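Structure first, commentary second.
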Amino acid sequence: MAGETSESNSSIVSLDHLPWALLATIMIKLDVASVCSVASTCTAFKACASHILSFIPSFHILEIAPSMELLRPLLLPNPWLKSVKVNCGRLDDSAIQILLQPSLEELCMLNCADFSGKLLSEIGARCKDLRSLCLGSVAEKRGRAIHISDLEELLSGCTHLQALILMFDVSSIYLRHNFAQVWALVSEKLTSLEIGYISSLMVTELLCTNFVSHQPSNRIQPSILPNIHKLCLSVDYITDAMVGAISKGLLSLTHLDLRDTPLIEPRVSFDLTNSGLQQINQYGKLKHLSLVRSQEYVVTYFRRVNDLGLLLLADKCENMESIFLSGFCRVTDTGFKTILHSCSKLYKLRVSHGTQLTDLVFHDISATSLSLTHVSLRRCTLLTNHAVTSLASNKDLKVLDLRDCRNLGDESLRAISTLPKVKTLLLDGSDISDVGLSYLRQVVISSLISLSLRGCKKLTDKCISALFDGSSKLELQELDLSNLPNLSDNAVLLLAKSRIPLLELRMRQCPLIGDTSVMALASMQVDEERWHGNGLRLLDLFNCGGITPLSFRWLKKPYFPRLRWLGVTGSVNRDMVDALARSRPFLHVSCRGEELGVEQGDTADDVYMHDYDEMDELERWLAEDDYVDEDMVADEDMVNAEAVE
C-alpha cells in the first residue's frame, strides 16, 4: 500500500513544470481581469501572466476605474495590442502615454472628465490605424477645455476611422473658424458617427454645405461625412431645418437616431412639424429611425406633429426595420397603425409617451406579415390586456417593455405566458398580482434574462414562490423588485434559497426590506464553488426601511466579492458608508438615490476572486429542507392558478 502511495505521489506534476507555451495558449484566450485572477493563484501562473500581458491583443477594464498605479504594470508596451477599453474615472492626461499605443485599431475611453483636449490631439498623433474610437465625458471637469485644434488633429490624424463616438458636449469646443471646415478633415471611411451633445444649428450648418451647389441638381457627392450610414445625435431641439439638412446631405444614411432635450417649450421655428417628417428618408434607404423628445427638464412633446405627419413618413417606410417614436402626443391610432401596416419588414417597435395609443392599433396585427421581436410601449397609459393578447401572436418576441402601462393585469401575463423566447420583460407599475406571475413559471421564466416588477403595488412575498419553484435551472440575471411596499425579508430568504445566478438585484424603496435580506444575499451560494454573495455585481437597497449599520458588516470583504455597484441610504450612517467606500475602492457606493448601472461592453470577472469553503450559520439555516414560513404558503387563489396550468 505504501508503495502504491509513493508511486502515485511521484506521478503528480507540479504547475511549475507545465510548458510555458501550453499555459500561454490557454491564458491568451482570457480577458485581463481573468488573467489577473489566475496570476494570484500560484507563482507559475503569475510569471506566465506577466509575460502574457506584453502580447495580448485586447485590454478591457470597464467595470472598475483603475488608478495609474494599477494600470502601469498591466498595460505594457505591446506591438500586438489591437483593442483597449478602459474606465478612466481615476485617470488624467498623465495616462496618455500608457494608453495610446500605435498598434491600436479600437479605443474606448469612458469617464474622461479629468482629461483635457490634449487627449484628442494625442490620439490623432499616436494612433494612426484606429478604426473605432469612443470617448466619454472628455474635459467635463472644471478647468479642463477642448480647443478646435485638438479636434482638427484627431480628425486629420486618424485617416482610417470607420466608427466615431464622442460622448460629450461638442458644442462647447472653442471655435477659431468654421466648424464645417474641421469636419471636412474626417476620414472618408467613416460610416458611423455618434455625438453626445451638439446644437441643432451646428448640425444644420455642418451639413448644408453638402447640398449648396450652383449645379442644377442638388444630388451631388457630399464633401462632409460622405459615406455615413449611421448617425446618432443628442441635440437641444429637433427641427425641420436640421432634419432636412440630414436627409438631403447624407445620401447613404440607413440608421438615424435623434434625441432632443428642450429647456423650454420650443417655438415653431425650433421644432419638428409634419413638414419635417415628410423630409425624412428622401432616398428610401433608412432601416432604423429613432425620434425621441426627452422630458428631463420640461414636460414637452412634439405638439406640431399629428397623424398626417406619420402618414407622410409611412410613404417611404417600406424598408424600415426598427422605429422608435417618443413624445408624439397628438398622434392617434390612425398614425401608428399606418406605420405598422406600411413597414412589412419591421421587427422592432418602440413607442413612448403615446398618450393616444390604444388597443385598436394591435387589434388585427395577426393578419399582417409582421414578425416583431422587440416591442416597447412605455407610458402608453390607454393600453389594456387586449393589446397584449394581440401582441402575443408574435411568438418570436424577445423583448417586451410595458413599463407604466397601468391598466395591464393578470390577463396580460396569461397571454405573455405563451411566448417561449422572451428574454426581457419589463412590467413596472402594472396592475398584476402574485397569481398572475405564477402563469410565467411554466414556460417564460426559463428563458428570461431580465425581469422588472418595479412599482407593482399588488405584489407580496408570494411573488417569489410564484415565479421560482427551485426545480429548474434559470438564466435570469437581472431582477428589479423596487418600490414594492409589501415585499419583506421573507421574500429575499426564498430568493436566496432558490440560488438564482443573479448579476443585478434592485430593491430600492422597499420599506420592509432590512438587515436579514443583506445577510441572506451575502451568504447565498449558487453552485458548488462556494462564492459568498454569488455573482451579484449590482445591489440597490436605497431607502429600504430596515437597513441598519448591521448590514454594513455583511457588505465588507469577503462577502459580495464581485459587487461593483451598491445603492444605500447615506443617512443610515454616513461614516460607515464612507468607510465601506474606502475599504472597497473598486465598489461604486451611491447614497443619493441615483439609478445604478454598469458600463456596457465588458462583463469581466472580478480581478480578486477567492473561494470560501466555510458555511456560516445562516447558510446552514437556508439549506435546511424543513425551513417553511407560514406567510409563504400559497393561498387558495394560487393553488387554483397552478391548477389552470
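Within the accessible surface of the range 321-407, defined with a 1.4 Å probe on protein heavy atoms only, the carbon and sulfur portion equals 49 percent.
Rounded to the nearest 20, the Cβ-based charge dipole of the range 348-440 about its Cα centre (Lys and Arg +1, Asp and Glu -1) stands at 420 debye. Here the range 84-143 is treated with +1 on each Lys and Arg Cβ and -1 on each Asp and Glu Cβ, and its dipole about the Cα centre works out to around 60 debye. Overall, the range 57-161 carries a charge dipole of about 100 debye about its Cα centre when +1 sits on the Cβ of Lys and Arg and -1 on the Cβ of Asp and Glu, all other atoms neutral. Summary of packing: across the peptides 287-297, 511-521, the per-residue average of other C-beta atoms within 10 Å ranks them, highest first, as 511-521, 287-297. Kirkwood hydrodynamic radius computed over the range 263-404 comes to 15.4 Å, based on all pairs of distinct alpha carbons. Note on Glu321 and Glu411: the model spin-label points, each 7 Å out from Cα along the C-beta direction, lie 3.6 nm apart. Straight-line reach from Lys348: taking Cα to Cα under 23 Å and skipping same-chain neighbours fewer than 8 places apart, the lysines in range are Lys230, Lys285, Lys287, Lys316, Lys337, Lys395, Lys398, Lys421, Lys423. Under the criterion of Cα pairs below 8 Å and six or more residues apart, the relative contact order for the range 332-473 equals 18 percent. Calculated FRET efficiency, Ser149 to Thr381, Cβ-Cβ distance, R0 = 60 Å: about 0.75 to the nearest 0.05.
Applying 1/(1 + (r/R0)^6) with r as the Cβ-Cβ distance of Ser344 and Phe55 and R0 = 35 angstrom yields a FRET efficiency of 0.10. Dipole of the range 57-161 computed with +1 at Lys/Arg Cβ and -1 at Asp/Glu Cβ about the Cα centre; of Pro66, Cys112, Leu99, farthest Cα towards the positive end is Pro66. Remark: the range 57-161 projects, on average over all directions, an area of 5.8 nm² (convex hull of Cα atoms).
Distances between placed amide hydrogens fall under 5 Å for Glu194 paired with Leu164, Ile165, Leu166, Cys232, all partners being 5 or more residues away or on another chain. Scanning residues 5 or more positions from Phe59 or on other chains, those with amide H under 5 Å from its amide H are Ser83, Val84, Lys85, with H placed 1.01 Å from N in the peptide plane. Look at where the Cα atoms of the range 231-301 and of the range 535-600 average out, and the two centres are 40 Å apart.
Computed with a 1.4 Å probe over protein heavy atoms only, the accessible surface of the range 57-161 comes to 39 Å² per residue.
The values are calculated or read from the model by the stated rules, or taken from the named source; none is laboratory data. Because the structure is predicted, anything quoted here is derived from the model rather than measured. Virtual Cβ from ideal backbone geometry, glycine too; neighbours counted across all protein chains shown. SASA here: full protein model, heavy atoms, side chains in, ligands and nucleic acids out. Shrake-Rupley method; radii C 1.70, N 1.55, O 1.52, S 1.80 Å.
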